[in-house]
Every structure is written in structure tokens, then in C-alpha cells.
Amino acid sequence: MTVALAVPPLLIGREIRVQLRHIGEERQPLLVVDDVLADPDAMIDAARAAEFYTPPHTNYPGLNANLPEAYYRTVVTALRGPIAAAFGLSSDAVLRYFGFFALATTGIADAQPIQKIPHHDGPDPGRLAMVHYLCRGDHGGTGFFRHKATGFESVDQARQDPYVAIAKAQLAAAGVGGAAFAGLDMADYDLIGQAECVFNRLIVYRNHVLHSALLSPRGAGADPGQGRLTANGFIEAVKP
């Protein structure tokens, strides 16, 4: 009996391009990878078939859904070399990945105050964050910021308590106002760099840097083929 070989549902693009940038005075690495997938529309089709939900334990301004299992095996495995070189990962480390589809649907009128300012995902500089833009059209990319009061561009464990205390006080003083999401003109943060939202572009950065999606005040639609669809994830290198 002949057994048919499994065909990978996702393939890396033939013209994939990798660029390493550095952000701000801290020179935080930003890996930018263009033309990641040979058929990125397959991910849009997968998103259309996915069940989106409002994430209960995060401040994401929109909806999430599960990613196909093949995504990690294809993308993170193929980019292991550039990721390791950019962020100094050990060659024998095992890369653990958690990810999800994301649709930024919340408009500024419905956003919570915490959703209008830059954030860091956690204080561990060894944990990496990833965003893969799967949207066409006029959607904002990802901005990186410096906190004016402290000068911090990233928040590690040593900076966590003082930064959170000051940021919370500033947020409380600002109240629920604010006519825009995080961007160029902010009272308490400076925009120090950004990655543009280019279809089939993927970016990787340390999850402790201050960052934010650069969102439209109107929000975007919930149709994965029309809205601001991304594949978001986190990568951790652990010893075998």
C-alpha cells in the first residue's frame, strides 16, 4: 500500500527578506522579515474559519482566535537562525511558542484608558514577541516608545515597580479622556521608532520594550479579509 506524503499547508516565501534594525537609545533589536509565507492568503482563509472571542485576561483592543498548528512549525522553525542571531539565543535552546490570531476592532470611543497607552508584555527580556501582519490596506503598524518621566524604553524586573507606579499615576491623572490611541503626539511618551504594517511582514522584538499597535481611532472591522488581522505570538528559549 502506498502512503501519501503530507503536504505542508504553509510554505516559506521564495523571496523572503530579513532585516535587523535597532530602536532608540537602548538599541533594542527589531527583526523585520518580509514576504514570510508563499501563500499568506491561506492564513486569511484559516482566520475566516476560526472562532474569534474577546480575550478575558488581556487588554487587547479587539478579538482573538486560535492559530493553525502548522504555523509555528513553518514560521518559527524556518526563522530560528535569524531569531537566534538577532537576540543571542543559544544554539541548543528549545523554542517554545504561544500564538493567536488578532483582529483590532475596538475604536477609541470604546477603548479603556489602559488601551490608549504603550505597554510591555512582561519584564523578561528573554521572552520575545512576534507580530505577523496579514492585512492589506491602510492599517497602522507597531510603534515603540520612550517613557518621558523615567527615560525607559524597556521595562525589566529592576524597572518594573517604579515604572508601573508612575505610569498608573499618570493614567489616573489623565482620566478616561484621550482622543487617540498611542502614536506620535502623547503627553507621557515619545514615539522612537515604528514598523510599518506591510502585508506578509513579520516582526520580532523583546517583549519588555514599550510598544503599541498604531491603531485608527475608528477601529477596524471584524472580517479577517478586510480588518487589521495579525498573527501574534511569544517565543521563549528554554534549555533542553
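The modelled label-to-label distance between R80 and Q160, using points 7 Å beyond Cα along the C-beta direction, is 3.0 nm. Computed from backbone phi with θ = phi - 60° and the Karplus coefficients 6.51, -1.76 and 1.60, the 3J(HN,Hα) list for segment 137-145 is x, 8, 10, x, x, 10, x, 10, 9 Hz; x is used for glycine and proline. For mean projected area of the Cα convex hull in nm², computed directly from the structure shown, the correct entry in (i) 16.2; (ii) 14.7; (iii) 12.0 is (ii). A straight chain from D223 to V94 at 0.36 nm per residue would run longer than the Cα-Cα distance by 42.9 nm. Close amide H pairs (under 5 Å, H built 1.01 Å from N) link L229 with L134, C135, residues at least 5 positions away or on another chain.
For segment 204-221, putting each phi into the Karplus relation 6.51 cos²θ - 1.76 cosθ + 1.60 with θ = phi - 60° gives couplings of 10, 8, 5, 6, 9, 7, 6, 8, 6, 5, 9, 9, 6, x, 7, x, 10, x Hz, in residue order, rounded to whole numbers and with x for Gly and Pro.
The H on the amide N of L214, modeled in the peptide plane, is under 5 Å from the matching H of G141, T142, G143, each at least 5 residues off or on a different chain. Taking the three principal axes of the alpha carbon atoms in segment 67-161, the coordinate ranges are 43, 37, 19 Å, sorted in descending order.
A short reminder: the numbers here are calculations on the coordinates, not readings from a lab. It should be emphasised that the depicted structure is a prediction, and the values quoted were computed from it without experimental measurement. Every residue, glycine among them, receives a Cβ derived from its backbone with ideal geometry; neighbour counts consider all protein chains shown.
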